[in-house]
Amino acid sequence: MKKILMALAALALTAGPAAAKLKVMTTTSDLAWLTQRIGGDRVSVESISTGDQDLHFVEPRPSMVVKLRRADMLVRIGLDQDMWADSLVAAARNGKIVYGAPGYVDTSVGIKVLQVPTGRVDAAMGDIHIFGNPHYWLDPANSAIMARNIAAGLARLDPSGAPVYEANLTSYKKELDARLEKWREAMAPLKGTKIVTYHNSWIYFAGAFGLEIVENIEPKPGIPPSPAHIDKVIRTMKETGARFILVESYYPMKGPGMIAEKTGAGALRVASSAGGLPGVKTYFDVFDFLVGELSR
Ligand SMILES: [Zn+2]
């Protein structure tokens, strides 16, 4: 009898309330995918935005507030990439996911942020990228730091799962390293290639693989181009011999297509997040697709 009771007690420990999954909300699809990788079956994860949305401008909806109210944890990109999440978190009035709470994870912690403004920030610089360029997840190597932040957050909320999160982090980094090697190998012949990007979102990617961005079609982040700026882009592309134009799926393709025609460059419709294009389902797919398009 005593043995049975002990067995039941042990069962209760593993299958009791402690086994309830942590409810994690993320601001982006990439973060949802990464959190699922690290959290495994101890977490249920949902992203507020989808991969085909411009992550600077996500329309807040009441359904998002309801989900945040029930969440144990919030994982965000930070800087000013997902500032729209602030009003949602405020409306949710859930102390577990506010800034500084154990369930608050900003994956930019420990990232070397590029293009941090020096000196005075004014309206002439545009309204976004005010803390530096927030598109750091597009250097795949940065995802190791992001995953580490997520693992630390999960371990804070669920200390008994810490060894699982640590093991998942280790196996993630191992797979990432193998993929990085493959991507670097495929991109090696493109080192020094000059490119143009629609939005200033690819500097981390360019840095990781030795590409050089000579112009952005947006004159400033978030500002659509004037005809005069488009002329300037065309001139620069001809002078530098830029070969590609990267355009996220949520930007218009007409301008870049016209520029491509006039310069002989290739305008590539790309995804900057999981779900950004059909067939780009995961964070790793983002790079598989892009590397495939550029190196073929
Ligand atoms: Zn941006």
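Every number here is computed from the coordinates shown, using simple stated rules; none is lab data. The structure presented is a predicted model; accordingly, all values stated were derived computationally and were not measured. Positions of Cβ are backbone-derived with ideal geometry, glycine not excepted, and every protein chain shown enters the neighbour counts.
Overview of results
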read-out: Computed [θ] at 222 nm, helices only, for the chain once each DSSP H run of length n ≥ 4 contributes -39500 (n - 2.57); value: -13500 deg cm²/dmol
read-out: Centre separation in Å (Cα based) which lies between the stretch 144-163 and the stretch 212-283; value: 37 Å
read-out: Test item: Cα-centred dipole of the chain, Lys/Arg +1 and Asp/Glu -1 on Cβ, debye; value: 760 debye
read-out: Cα gyration tensor shape for the stretch 23-84, rounded if a/c is under 1.5, else prolate or oblate; value: oblate
read-out: Cross-link partners of residue 281 among lysines (Cα-Cα below 21 Å; sequence separation of 8 or more within a chain); value: 173, 174, 182
read-out: Computed FRET value (nearest 0.05) for residue 235 with residue 188, which takes r as the C-beta separation and R₀ as 30 Å; value: 0.50
read-out: Relative contact order (%) - the chain, alpha-carbon pairs under 8 angstrom, separation at least six; value: 16 percent
read-out: 11 Å beta-carbon shell around residue 288, net charge (K/R +1, D/E -1); value: +1
read-out: Fraction of antiparallel bridges per DSSP, the chain only, in percent to nearest 5; value: 10 percent
read-out: For the chain: rounded, prolate or oblate by the Cα gyration tensor [a/c cutoff 1.5]; value: prolate
read-out: Dipole moment magnitude, nearest 20 debye, the stretch 181-295 about Cα centre, only Lys, Arg, Asp, Glu C-beta charged; value: 220 debye
